[in-house]
Amino acid sequence: MTTELLPEPTQEHPVRALVDGTDVIGSLSPSRAADFMSCPLLYRFRVIDKLPEPPSPAAVRGTVVHSVLERLFDNPAAERTLEVASQLVRPEWDRLLATDPDLSAMFEGEDPVDLTAWLTECRALLGTYFALEDPRRLEPAEREVYVEHVLSSKLLLRGYVDRVDVAATGQVRVVDYKTGRSPGPAFEAKAMFQMKFYALVLWRSRGAIPTLLQLMYLGNAEILRYTPDEADLLATERKLDALWLAIARATESGTWLPRRSPLCGWCSHQALCPAWGGTPPPLPAPTP
Ligand code: SF4
């Protein structure tokens, strides 16, 4: 899920709160962890300053496709066809727009997106999904499921998993849909980090390590699979604790360094970024 507009936990900066009786030191989702790893200043803009970002046609398209794939499984198996999925696109878009009318800005202004073409792109991504797997042969155990776990460091990990499949043998597969293209080999590990995050949370909260992690890239019909083990997930836990330590230090010092990369091309905050000649706004006053 990821760059898509899925429900994103807020208040990830170091604010103490009680979760199931534990005084947590803060919380992290895979998306915000990825933000800090890519660019600490981007994390600050999103989490501390909470700066608004204009809706991105690609991200909103991802949200619509995710919604359709979730709802598709409400139908009896025989009715989970591409035709039915395609017919869900418009109602899911209308539903999303009703909850967030500002999204209509994508289709207005100086460089408006063509709504008909955009909806066609959503349907094309669903066509790719059907080329990768047959939903009539699947019965997901869970869809769009919220998961959370408090580490022994008292860091709360949380996020939404697109789909969990449980085989008759008890084997668990964690599935995430991506509406972009798969990364090159050099970036596969980075992409799989999000899935290891979920695997860690599921292991710690449910007691068993998922058998398989599966990323489905609908942008170019590729599937990335990974079989996690205990050593992997312990390493992920250590990495997340270290990441939180770095976030806490940045919060304390007020130093959020920009990190230029090709991702800057998609960043909404270039005008405020010192790496691009801008000046960030003053940091908001700390929450009492
Ligand atoms: S423009 Fe680039 S360096 Fe600046 S905040 Fe955005 S991602 Fe970071």
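At a glance:
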read-out	value
Stretch gain in nm, segment Arg90-Val145, where the contour uses 0.36 nm per residue and the Cα spacing is subtracted	17.4 nm
Largest-first principal axis extents of the Cα set of the chain (Å)	57, 53, 37
At 1.567 mPa s and 4 °C, Stokes diffusion of segment 216-288 via Kirkwood alpha-carbon radius, µm² per second	80
Extension reserve of the Thr81-Ala98 stretch, reckoned as 0.36 nm per residue once the Cα distance is removed	3.5 nm
In range of the label at Ala221: residues from segment 69-94 whose backbone nitrogen is under 13 Å from the point 7 Å along Cα→Cβ	none
Shape parameters for segment 152-238, alpha-carbon atoms, Rg then Dmax in Å	13.1, 39
Cα→Cβ-extended label distance, 7 Å offset, between Ala58 and Ser268, nm	1.5
Kyte-Doolittle mean at least -0.5, axial Cα span of 30 Å or more - DSSP H helices of the chain	230-253
Stretch gain in nm, segment Ala124-Arg206, where the contour uses 0.36 nm per residue and the Cα spacing is subtracted	25.9 nm
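Since every read-out is calculated from the coordinates, none of them should be taken as a lab result. Just so we're clear, the structure is a prediction, and the values are computed from it rather than from any experiment. Glycine gets a Cβ as well: all are built from the backbone with ideal geometry, and neighbour counts include every protein chain shown.
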